[in-house]
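Take a look at the structure below.
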Amino acid sequence: MTTMPGPTSRSYFSQRLRLRYVDWGNPDAPPLILLHGGRDHCRNWDWVAERLCRDWHVIAPDLRGHGDSEWPSDGHYPMANFVYDLAQLVHQQKLAPVTIVAHSLGGNISLRYAGVYPDAVKKLVAIEGLGPSPRVADKQEKLSIADRMTRWVDEQRTLSGRLPRRYPTIEDALARMQAENSHLSPAQARHLTEHGVNQNEDGTYSWKFDNYVRVWPPYDMTRSAIAELWARITCPTLLVYGTESWASNPAADGRLAAFRTASVVRIEGAGHWVHHDKLEVFLDHVIKFLAEPASV
């Protein structure tokens, strides 16, 4: 339940795109960015933001192609551009050194950013932000670049003819939200739906994300290059995952070894959206982690 005034909507520019973020006030407090995952939006953090904004200057952006941020005209979403958007937000708003709490795609972006600019990040919490498990990545890397390009072209071509799904009523969109994550309470699902849809001119509702964000680019940094960035992170880092999620445990699959300053937290009974599924448990871990003094 919302107990505090809502955030103020603001915008900034990155690569000619107008990107939106919400600001929860308290500007004299240390800055903290909440970065959402794919096909999500910044208001999915409201419950976390309400708890943290008393002690932090909380800013939550909508990624390009998501929420109320603009969509690139070419429908192309490489990771480098997402990292640039985060770098621009931190740079333009003078937030460094900033603390970041991020989920999924947002975690992937934040971990790369912290490796590129280690001095700009004070602490980092990444919920299932490491990307595909080594087992899944092994399968992907067995594909030739020709096969990956062909698959990407086919996926882009398919999406070019796919219109955003229209739900007759907001209740229909709510039902889809509940089906996507059975852990959500009715109140959570309604809040996420109401902030996650636009009403079309004909009165129907569609989700606020570009369908092209579903397509992963055919090429990216190599796994060794990504691990190199993780190794450059100097701030305390908390890697969170849910035991009921598809994501693998980075302590068990070997990826934790790439980090110098990271620890892993397993949250029982949580799926991919740990911060929704087990909010209080997640907040207990995060608040304790953020309060710990950073070792010199």
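Points worth noting:
- Qualifying residue in region 188-201 (condition: under 24 Å from Trp273 (Cβ atoms), in a loop (DSSP other than H, G, I, E, B) and under 19 Å from the mean Cα position of the chain (by Cα)): no
- Once region 85-144 is narrowed to residues that are farther than 17 Å from Gly38 by Cα, free of Cβ contacts under 8 Å to residues at least 24 places away in the same chain and not β-branched (Val, Ile, Thr), the residue that is surrounded by the most Cβ atoms within 10 Å (Cβ to Cβ) is His91.
- Filter pass, Ala258 being in contact with an Asp or Glu (Cβ under 7 Å, 6 or more places away or on another chain) and among the aliphatic types (A, V, I, L, M): no
- Any pair with Cβ under 6 angstrom, 6 or more apart, that starts in region 255-284 at a residue that is over 20 Å from Leu192 (Cα atoms) and among the basic types (Lys, Arg) and ends at one that is modelled with pLDDT of 95 or more and buried (at least 22 other Cβ atoms within 10 Å of the Cβ): Arg255/Leu130
- Only a single criterion out of (1) over 17 Å from the mean Cα position of the chain (by Cα); (2) part of a loop (DSSP other than H, G, I, E, B) is not satisfied by Glu155, namely (2).
- Some residue of region 55-73 being in contact with an Asp or Glu (Cβ under 9 Å, 6 or more places away or on another chain), within 24 Å of Met221 (Cβ to Cβ) and surrounded by fewer than 21 Cβ atoms within 10 Å (Cβ to Cβ): yes
The values are calculated or read from the model by the stated rules, or taken from the named source; none is laboratory data. Given the structure is predicted, the values throughout are model-derived calculations rather than measurements. Quick reminder, even Gly has a Cβ in these numbers, built from the backbone with ideal geometry, and neighbours come from all protein chains shown.
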